[in-house]
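Report on the following structure.
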Amino acid sequence: MTINDLLKKGIYILLENNISNPQLDVELLLSYTLNVDKVYIYTHRDEEVSNESVDNFLKLIDRRKQGYPLQYILKKQEFMGLDFCIEEGVLIPRQDTEVLVEKIINIVNNGHFKDRKVINIVDIGVGSGAISLSLVHYLEKAHVYSIDIDNKAIEITRKNSVRLGLEDKITLLKGNLFSPLTPLNLENKIDIIVSNPPYIPSQDIDTLQVEVAKYEPRKALDGGIDGLDFYRKIIPESIKYLRKDGVLAFEIGYNQGNEVANLIKESGSFKGVEVIKDLAGLDRAVLAYCNK
Ligand code: GLN
């Protein structure tokens, strides 16, 4: 079979199994199988493929057709222009989350922390390290304390930090929410607290697309009955750690802007609470300045 035959066959199988827009997936799976880049696939359509590669490719198509996420097969995902390794067990970085990271970078670049020698960041629920590592990559003076309760998340973030040459700018801590910070005496010393916590209401998870519902880690998605459990826990604790004028920045669900903004306002320790929309015009992030 030729490259062209395999592309057609792959697309046909995925379409038959209701995987929408399969063309890019198929091209990436074939270039992954053949260990060539995508351009090679476009420019060598008539090249014959070995039987072994045909088998390998069809095995990958077989997994993808069941909804298994492409990124878990390719074991990578780009985020903020950086390549992240990922594996099953950690949440796949989303483009939507870039809105949150860009907003924080803008605040810093506009001089909000210009007097600081080091900008101390805490990231609650680090996952693959996408938020933490892109922040310290783009912010020269930043150091991030990144926490996750999950071993796999710590392991993948460590690997990504080394690959990106950022291991000196991250302190990885395993544990629940703020608890691993206790021995570090960072109360009133943190400039930015950022989190993309689990925020999907428990009963909604099974209604998400199969890639997410079946294959992504439930504990990275499940935010309790109304999806807001983690905001309720993080907001009061964050006040202890933030400096005056420190920034609290959350990713939120598409309809959680008012609710999370209200939780922050009700704490009485923040000003300038702002809901930020994503490229689709949906609520995506909330930001506030500590006013204690
Ligand atoms: N953005 C993810 C989704 O839509 C949810 C991530 C989260 O709960 N933090 O599937």
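The values are calculated or read from the model by the stated rules, or taken from the named source; none is laboratory data. As the structure is a computational prediction, the values presented were derived from the model and not from experiment. Ideal geometry is used to build each Cβ from the backbone, glycine not excepted, and the neighbour counts take in all protein chains shown. Remember, those area values only see protein heavy atoms, side chains included, never the ligands or the DNA or RNA. Shrake-Rupley method; radii C 1.70, N 1.55, O 1.52, S 1.80 Å.
Given R0 = 25 Å, the distance between the Cβ atoms of Asp83 and Thr43 translates into a calculated FRET efficiency of 0.60. Relative contact order of region 49-130, taken over Cα pairs closer than 8 Å and 6 or more residues apart, is 23 percent.
Axis angle, to the nearest 10 degrees, between helix 22-34 and the longest C-alpha principal axis of the chain: 80 degrees.
Relative contact order of the chain, taken over Cα pairs closer than 8 Å and 6 or more residues apart, is 14 percent.
Residue-normalised convex hull volume from the C-alpha trace of the chain: 133 Å³ per residue. Of Lys277, Lys114, Lys244, the residue with the greatest mean-square motion in the GNM of the chain, using alpha carbon springs below 10 Å, is Lys114. Of the Cα atoms belonging to region 141-292, the radius of gyration and Dmax stand at 16.0, 43 Å. Within the listed set Leu74, Leu279, Leu263, the residue fluctuating most in the Gaussian network model of the chain (springs between alpha-carbon atoms under 10 angstrom) is Leu279. For the chain, a Gaussian network of Cα nodes joined below 10 Å ranks Leu34, Leu166, Leu242 by mean-square fluctuation, and the top entry is Leu34. The helix-only estimate of mean residue ellipticity at 222 nm for the chain, built from DSSP H runs of length n ≥ 4 each weighted as -39500 (n - 2.57), is -12000 deg cm²/dmol after division by the residue total. Solvent exposure of the chain, expressed per residue, is 48 Å² of accessible area, with all protein chains present and a 1.4 angstrom probe. Computed over protein heavy atoms with a 1.4 Å probe, the carbon and sulfur contribution to the accessible area of the chain reaches 47%. Taking Cα centre as origin and charging only the Cβ of basic (Lys, Arg, +1) and acidic (Asp, Glu, -1) residues, the dipole magnitude of region 88-290 rounds to 720 debye.
A simple rule links phi to the HN-Hα coupling: the Karplus curve 6.51 cos²θ - 1.76 cosθ + 1.60 with θ = phi - 60°, which for region 7-19 gives 4, 4, 5, x, 4, 4, 5, 5, 4, 4, 9, 6, 8 Hz, with x for Gly and Pro. Size descriptors for region 3-66, from the alpha-carbon set: Rg then Dmax equal 10.7, 29 Å.
The GluC sites (Glu not before Pro) of region 138-172 that meet both conditions, a loop assignment by DSSP and at most 12 other Cβ atoms within 10 Å of the site Cβ, are Glu140.
Once backbone amide H atoms are built at 1.01 Å from N, Phe84 has Gln77, Glu78, Phe79 as its partners under 5 Å, excluding neighbours fewer than 5 places away on the same chain.
Across region 132-145, computed HN-Hα scalar couplings (Karplus, 6.51 cos²θ - 1.76 cosθ + 1.60, θ = phi - 60°) run 4, 6, 6, 4, 6, 5, 8, 10, 4, 8, 8, 10, 10, 9 Hz from first to last residue, x flagging Gly and Pro.
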